[in-house]
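Heads up, the thing below is written out as structure tokens.
Bear in mind these aren't lab numbers, they're just calculated from the coordinates by the rules spelled out. Treat the numbers as computed from the prediction; the structure is a model and nothing was measured. Counting neighbours? That spans all protein chains shown, and the Cβs are built from the backbone with ideal geometry, glycine included.
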Amino acid sequence: MSELWYDLEPFLQQGTLGLVNGAFYAILSLGLAVIFGMLNVVNFAHGAQFMLGAFVAWMLLNWAGIGYWGALVFAPLIVGLFGVVIERMMIARLYKLDHLYGLLLTFGLALIIEGLMRNAFGSSGLPYEVPEAFRIPPVDLGYMLMPAYRFWIVVVSLFVCLGTWYAIEKTKLGSYLRAAVERPKLVQAFGINVPQMMTATYGAGVALAAFAGVLAAPVYSVNPAMGANFIIIVFAVVVIGGMGSILGSIVTGYILGVIEGFTRVFYPEASATVVFVIMAIVLLVRPTGLFGRA
Amino acid sequence: MLHVRGLEAWYGESHVLHGVDLEVAEGEVVTLLGRNGAGKSTTIKAIMGVLDSRKGSIRFQGTETIALPPDRIARLGIAWCPEERGIFASLTVKENLLLPPVIAPGGMALERIYALFPNLKERLTSPGTKLSGGEQQMLAIARIMRTGAKLLLLDEPTEGLAPVIIQQIGRTIRALKEAGLTVLLVEQNFRFAQKLADRHYVMEDGRIVDMIPAARLEANMDRLHAYLGV
């Protein structure tokens, strides 16, 4: 077995590490897909909200003494609430206009948020330690040793993604959401407060981004540009998976993380661009995305 | 129960209703008749509050609803079955059926609905839009029967359906009437409406131009035919 094994092992290792990036792609593109499905708004502030999640975790730790586990709960709540305010005060006024206005507004918000954070905290990045519970020996997967915290990222992201998918596809509340995506007027005529649902959906999507931001804080340094770096790849993921498909955005997120990992083995120089090459191919062959509906 | 006075409504820039006046008493089945484009569906939509712009007065059980959003209007006890049926593709038949929240006690129990529409019970887990046209229409009516709404707005429930299914829908509307519900029915199929309704309003160019009670229908048949152009 050995020769083939030696060929395969680096692929397995890099593919597994790719799952860590894939975990962030999946959570972020999932949030984008949920927001787009319900509000018809391309949330360009998603990266900034991810970054805010990481910063709020840092503030909670350094200013309030609340550690990682508390941040995992409170940072998404705080940033999600911020999202609710933004939706009520600004985005809700744009629903009757073209898509483009929502995109411009959220893009502007992203620039403002990033600029303010750069002013306040500089652009060099703040340290956030790997939480105590994960300062343990790496997890032995047989073909590699995986740092415990990265292993945790993959596991918890899977739970969050599948939990979100379940809530949307299998619960009563999810059926309201799916129905409102199809015919918001009719759902409102049944007595359901659809504008309130849209606000809550935006808040939840933003909270997902902030949750990913907290997960990312110990791995990447907490800096104002961390979201902008991610979000460009995540938009490519969303385009590949198909805008508005819940399961599609999750699966595509993980797969592209793994493909990036594979690329690092046989042609490392391309690992940063492979996602965009795939995006171009998908757009040529299937413009609605792999899981998208026309 | 429902008092509509001077109702005007617009689709974007175009002015569709020019002062509609109508009354529906509790327990009545009332139809809106008229040619295509006379404003029948628009009247229903204006009552439900799903148009962007409307003015005038719509009072339901004493409450003025002209400025209320559709969800508040629904909670007062008005339910709508739209012309295009509005069955959700991403929901199963059961999810479609259970989607409208119960807004008041007195709605029809699920067992009774299944007894009235046995086809639906057999297909609860199918996606809503996999049903036939007739089954989708039954689902669209069934789902508003369990909410406890007192006034049902039915927009062309027989459109494009086979005679046997039209009969089943006729029986359903009669059952609703017996249960004390009030129905405002938009219908092109006059022979279907004739057998069910207590009164008929006739619409032309966004206004009510005539009202004919069922008892005087025979005597006014020629007049009605002239309105409807049949």
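A few notes on this one:
- The longest part of chain B holding none of the exposed loop GluC sites (Glu not before Pro), meaning those outside H, G, I, E and B in DSSP with at most 15 other Cβ atoms within 10 Å, is B:85-230.
- Using the Cβ of B:Met1 as centre and a radius below 10 Å, the other residues enclosed give a net charge of -1, where K and R count +1 and D and E count -1.
- The trypsin sites (Lys or Arg not before Pro) of segment B:1-73 that meet both conditions, a loop assignment by DSSP and at most 16 other Cβ atoms within 10 Å of the site Cβ, are B:Arg35.
- Taking every residue in A:176-187 and counting other chain Cβ atoms within 10 Å of its Cβ, the average works out to 6.
- Kyte-Doolittle mean at least 0.5, axial Cα span of 20 Å or more - DSSP H helices of chain A: A:2-39, A:46-64, A:68-89, A:99-121, A:148-170, A:194-216, A:226-241, A:246-266
- Here the spin labels are modelled as points 7 Å beyond Cα on the Cα-Cβ line, and at B:Leu228 and B:Arg207 they lie 2.3 nm apart.
- The magnitude of the dipole of the protein assembly as shown, with charges of +1 and -1 set on the Cβ of Lys/Arg and Asp/Glu and taken from the Cα centre, is near 1040 debye.
- Relative contact order computed over chain B (Cα-Cα under 8 Å; 6+ residues apart), in percent: 29 percent
- Seen from every direction in turn and averaged, the convex hull around the alpha carbons of segment A:1-159 projects onto 12.4 nm².
- Antiparallel DSSP beta bridges within the protein assembly as shown, percent to nearest 5: 60 percent
- The length gained on full extension between B:Lys121 and B:Glu64, counted as 0.36 nm times the residue separation minus their Cα-Cα distance, comes to 16.7 nm.
- Computed FRET value (nearest 0.05) for A:Arg118 with B:Glu13, which takes r as the C-beta separation and R₀ as 56 Å: 0.75
- Diffusion constant of the protein assembly as shown at 10 °C, which comes from Stokes-Einstein with the Kirkwood Cα-pair radius and 1.306 mPa s, µm²/s: 61 µm²/s
- Calculated log₁₀ intensity ratio I(q)/I(0) where the Debye formula runs over C-alpha points of segment A:18-285, q = 0.08, 0.10, 0.15, 0.17 Å⁻¹: -0.32, -0.50, -1.13, -1.41
- Note on chain A: GNM, Cα springs under 10 Å; of A:Val84, A:Val274, A:Val154, the largest mean-square fluctuation is that of A:Val274.
- Order of B:Phe60, A:Phe230 under a 10 Å beta carbon neighbour criterion, fewest first: B:Phe60, A:Phe230
- Sequence-separation-based contact order of chain A, relative, with Cα cut under 8 Å and 6+ spacing, percent: 39 percent
- Look at the stretch B:40-48: the mean tally of other chain Cβ atoms within 10 Å of its residues' Cβ atoms is 1.
- Fully extending the segment from B:Ala109 to B:Arg174, taken as 0.36 nm per residue of separation minus the present Cα-Cα distance, adds 21.7 nm.
- Axial C-alpha extent at least 20 Å, average Kyte-Doolittle at least 0.0 - helices from chain B (DSSP): B:163-178
- Residue exposure sequence - A:Leu247, B:Leu120 - by fewest surrounding Cβ within 10 Å: A:Leu247, B:Leu120
- In this calculation the C-beta distance from A:Val285 to A:Phe107 is compared with R0 = 35 Å, giving a FRET efficiency of 0.80.
- Among the listed pairs B:Lys40/B:Lys121; A:Lys185/B:Lys177; B:Lys45/B:Lys121; A:Lys185/B:Lys40; A:Lys96/B:Lys45, those whose Cα-Cα separation exceeds 23 Å are B:Lys40/B:Lys121; A:Lys185/B:Lys177; B:Lys45/B:Lys121.
- As a proxy for reagent exposure, ranking B:Arg143, B:Arg207, A:Arg150 by other Cβ atoms within 10 Å from fewest up yields B:Arg207, A:Arg150, B:Arg143.
- Extension reserve of the A:Ile232-A:Val274 stretch, reckoned as 0.36 nm per residue once the Cα distance is removed: 13.8 nm
- Pair A:Phe266, B:Ser53: separation of 7 Å Cα→Cβ label points (nm): 6.1 nm
- Rg/Rg_ref, segment B:2-228, where Rg_ref = 2.2 N^0.38 Å and atoms are Cα: 0.98
- The simple Förster model, with R0 at 51 Å and r as the Cβ-Cβ distance, assigns B:Asp198 and A:Leu162 a FRET efficiency of 0.40.
- Percent of Cα-Cα distances greater than 20 Å, calculated over segment B:79-139: 21 percent
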